[in-house]
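Following: one structure in structure tokens, then a few remarks.
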Protein chains: 4
Amino acid sequence: MAGSVNKVILVGNLGNDPEVRNLPNGGKVVNLSIATSESWKDRNTGERREKTEWHRVVIFSEGLTRVAESYLRKGSKVYIEGQLQTRKWQDQSGQDKYSTEVVLQGFNSNLTLLDGRGDNSGDNSGYGGGDGGFRGVRDNGGGGGGGGARRPSANAPAFEPGGMDDDIPF
Amino acid sequence: MAGSVNKVILVGNLGNDPEVRNLPNGGKVVNLSIATSESWKDRNTGERREKTEWHRVVIFSEGLTRVAESYLRKGSKVYIEGQLQTRKWQDQSGQDKYSTEVVLQGFNSNLTLLDGRGDNSGDNSGYGGGDGGFRGVRDNGGGGGGGGARRPSANAPAFEPGGMDDDIPF
Amino acid sequence: MAGSVNKVILVGNLGNDPEVRNLPNGGKVVNLSIATSESWKDRNTGERREKTEWHRVVIFSEGLTRVAESYLRKGSKVYIEGQLQTRKWQDQSGQDKYSTEVVLQGFNSNLTLLDGRGDNSGDNSGYGGGDGGFRGVRDNGGGGGGGGARRPSANAPAFEPGGMDDDIPF
Amino acid sequence: MAGSVNKVILVGNLGNDPEVRNLPNGGKVVNLSIATSESWKDRNTGERREKTEWHRVVIFSEGLTRVAESYLRKGSKVYIEGQLQTRKWQDQSGQDKYSTEVVLQGFNSNLTLLDGRGDNSGDNSGYGGGDGGFRGVRDNGGGGGGGGARRPSANAPAFEPGGMDDDIPF
DNA sequence: TTTT
DNA sequence: TTTT
């Protein structure tokens, strides 16, 4: 059908670190779990109430998987633009299940980090010290990798799709 | 949480007439099934391929339920703005199920009919027959006279929420 | 700056045929003038009132210029996604002027024709029959009438940016 | 015209404190100047380049003027949803001028603060002098310091338009 | 599971 | 004029 639009826009926080899966063909897929919340005052009780919605986000776009993996962490606030997709699958007992996800793939997808200062505990003055930018985000002690997001814009890659292999996207 | 956004924008066609349910309290809920499609040329085979996604839309907003009930029919093309919501329920065997829906409720929802059949000069039959509305898409063989919807905009009600009881919304 | 979004979404009708300009480098730019309207009932007089807003749209994206040129005509209804841009220029008397436009350029732009059956004169029954519907395109040879685009989707090109040179985009 | 949509979505930072004007009728209008920026790597020089776009935003919605006045300051990051409007006016020399603005008015407008600076415990310096930052809320009495707004959501008022006069909006 |  |  011509003439259709399928767009989701979310601004919310990650409930967990991104889950990265490697594909057979060398590519990657990143899954995010994003919370959006609303709060309102109950008309009857006058109490303040709040409801959180959890969104499953799946990133296929190459540039965006990299950004997600490099800069997003549990708690990060992001702007996301993708499309709705419902997937059918079978659980272990053979039952049909359906999952609706927000898919970032191809053009008209976007992912922008909105909290340049993660869970900075210390001083955040200056923003622009030696390394030039966000440091934040959970280089949380322990082993391994360690985070250190810096300049999180997923727009850039889209302008030069092939330009990220040998360069930082900013 | 402050600072979150949960928005879905769809432009697509109804796969069926709207399903209207009356609530105990006198209100109504309308369910729509909307298709969006994408087509692309397969890089390998060169064939044109197409994929259709079906969206379950639930309308609670009073003004919009009325518009949906009055002006939408199978085949209608609509612009919809709502938010994502996942609902948990039990099927007859007691199994947990989840359904993700696009909910139109409260402010920041929108529903606009896009196939006003603009400058219909000729026959409009089929649109307004017995059932009083668009049935979609030109099987316009048969009889039925008929009027047909005319000015289908769900914006108006939003500007004066109580103003529709005694007036056509356009 | 990281972390910003600049997005405009319009659904409206062309006030004129697209204006196509050829660039020195062989490229093209297409300008559209798009009307959106709102109507509401005046709270005081009870009269129905309407206000039309005109939007200047500028298309740089190669795939979309082609779609615009080929399928859009005065009166066409389109879905457009672009970004706001204000341009400074001097009028003939040297006065500074500013124009704000909706620019379609690069990723995250979209243009989708919403009235697939423009001024179809012939039968369009069925959607699925032999030719299955929209055939459209460019019979704009000679004089007179012109136009009548029908199967207008600018999504396709985006999926295979180079794929349109030798093929109809649907 | 039925069937049109006019929507602008911005995520950006305020270049200045909000400008509040009182209307004859007791209402208020708030003007914001919001920057969005893009950066990309120049294909030729390889340099990183950046372009900032400034948007004039005008808030008429009662609930949103209050939120803007209370919680926004120079530097604040906001999510904004409004519509495009071009206004004609005469400058002092009688010349016609046009200004295009993003108007927040009525339903389908939104304003959400994105840098809650949450539970700033420490220093907030840098944000604009004197008192540094959001003071927000209910110029609650007397003195000094000021606390740092925290829960800035413009959604709430929309759910209960009249509910803010005697309560904090969150 | 996030955030406020 | 912001932000990085």
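Reported count of residues in the range A:105-129, each being more than 10 Å from chain B (Cβ to nearest Cβ), modelled with pLDDT of 85 or more and under 16 Å from the mean Cα position of the chain (by Cα), is 7. Among the residues of the range D:67-83, those identified as away from chain B (no Cβ under 11 Å), surrounded by 22 or more Cβ atoms within 10 Å (Cβ to Cβ) and touching a Pro at 6+ places or on another chain (Cβ under 7 Å) are D:Ala68, D:Leu72. Scanning the range A:16-48 for residues that are within 11 Å of DNA strand E (Cβ to nearest atom) and open to solvent by 20 Å² or more (accessible area, probe 1.4 Å) yields a total of 7. Among the residues of the range D:4-33, those identified as more than 17 Å from the chain's Cα centre (by Cα) and either within 9 Å of DNA strand F (Cβ to nearest atom) or facing chain C (nearest Cβ under 7 Å) (or both) are D:Ser4, D:Val5, D:Asn6.
Checked against the criterion of being within 16 Å of DNA strand E (Cβ to nearest atom), at pLDDT 95 or above and not basic (Lys, Arg), the candidates D:Val78, D:Val102, D:Val8 yield just one match: D:Val78. Within the range C:68-81, one or more residues are under 26 Å from C:Val5 (Cβ atoms) and aromatic (Phe, Trp, Tyr). Note on the range C:84-102: residues that are at the interface with another protein chain (Cβ under 10 Å from one of its Cβ atoms) and touching a Ser or Thr at 6+ places or on another chain (Cβ under 8 Å) amount to 7. Specify the residue that is surrounded by the most Cβ atoms within 10 Å (Cβ to Cβ); the eligible residues are those in the range B:86-101 that are in a strand (DSSP E or B) and among the acidic types (Asp, Glu). Restricting to residues being in a strand (DSSP E or B) and among the acidic types (Asp, Glu), the top hit is B:Glu101. Residues that are of a type in the set (S, T, N, Q) and within 12 Å of chain C (Cβ to nearest Cβ) were ranked within the range D:34-66; the one that is nearest to C:Phe107 (Cα to Cα) is D:Ser39.
The values are calculated or read from the model by the stated rules, or taken from the named source; none is laboratory data. In this text the structure is predicted, and so the values were computed from the model without any measurement. Note that we place each Cβ from the backbone using ideal geometry, even for glycine, and neighbour counts take in every protein chain shown. These area figures cover heavy atoms from the full protein model, side chains too; ligands, DNA and RNA do not enter into them. Shrake-Rupley method; radii C 1.70, N 1.55, O 1.52, S 1.80 Å.
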